[in-house]
Amino acid sequence: MTTLFLFAIIFVLNCLPAFAPPTWMVVSAMTLSRPGANPWLTAFVAATAATAGRLVLAKMAFLLVRQRWLSARTKENVDLVKARLEQHRAMTFGGVLAYTCSPLPSNSLFIAYGLTSLPLAPVAAASFIGRFLTYSIWVVMAMEVAQKVVVDEGSVFAYLGGYFVVTQVLMLALVVLFAKLDWRAWFTSKTVRLMNQRESSPQK
């Protein structure tokens with residue numbers, strides 16, 4: 001496993017909007033095949049590649065989805081979230097940091113963030129820190145396992161079954177809900193409702 005190969009495969013996987021295996025799983029599998037690698041370098045390269053890939057995904061969400069597909073009404077709706085996030089930058093940073101420390105897929109998070117058109121640097125920093133911490137743990141654990149038992153690398157990806165597919169579909173559905181939820185109603189009266197379909201349809 002070369003450093004360049006590790007970076008390339010994790011970068012590409014994190015550019016995908018859905019149905020890519022979790023990065024921690026890929027890092028663990030690669031570590032099992034080369035238990036003698038430097039754990040901190042492996043975690044650093046993996047975190048850098050994953051963060052760079054997610055930034056590309058967020059940028060593509062902005063250029064392709066927001067700029068081309070979202071109606072003016074939906075953009076105004078998403079901008080309400082943008083304004084709130086701008087007012088709570090520290091909370092946003094902490095939220096992204098905590099989320100990227102969890103095993104939950106982050107593709108939907110970066111797609112939704114890309115739709116807001118907010119600067120990517122703060123979430124990039126939070127994402128890198130969170131991923132470096134978690135990948136370091138996974139790499140060290142994988143190295144310990146590789147030294148004590150023989151592990152079939154293919155078994156690491158046994159997770160990629162029906163549960164994985166359902167999870168990915170649900171996360172993408174949350175992105176759609178994020179764009180369609182009436183944020184003005186939520187911020188003013190804590191009412192959960194979707195935007196009026198007639199108002200949110202693309203203008204012709």
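The values are calculated or read from the model by the stated rules, or taken from the named source; none is laboratory data. What you are looking at is a predicted structure, and each value in this text was computed from that prediction instead of being measured. Cβ coordinates were reconstructed from backbone atoms using ideal geometry, including for glycine residues, and neighbour counts include every protein chain displayed. Heavy atoms of the whole protein, side chains included, go into the accessibility calculation; ligands, DNA and RNA do not. Shrake-Rupley method; radii C 1.70, N 1.55, O 1.52, S 1.80 Å.
Let me know the charge dipole size of the chain about its Cα centre in debye, to the nearest 20, where only the beta-carbon of Lys, Arg (+1) and Asp, Glu (-1) is charged. In total the dipole reaches around 820 debye. Which percent of the Cα-Cα distances in the range 24-99 go past 14 Å? Percent of Cα pairs beyond 14 Å in the range 24-99: 76.
Heavy atoms of the protein chains alone define the surface here; on that basis the chain has 55 Å² accessible area per residue at 1.4 Å probe size. The share of Cα pairs per 5 Å bin across the chain, counted from zero up to the longest distance, runs 1, 7, 14, 17, 18, 14, 10, 7, 5, 3, 2, 0, 0 percent. Taking the helices alone, the chain has a mean residue ellipticity at 222 nm of -23000 deg cm²/dmol, built from -39,500 (n - 2.57) per DSSP H run of at least 4 residues and averaged over all its residues. Label-to-label distance, W69 versus R193, with points set 7 angstrom from Cα along the beta-carbon direction: 2.7 nm. Ranked from largest to smallest solvent-accessible area, with a 1.4 Å probe on the protein heavy atoms, T116, T191, T167 come out as T191, T167, T116.
The count of lysine pairs in the chain with alpha-carbon distances below 24 Å, taking only pairs 8 or more places apart or on different chains, stands at 10.
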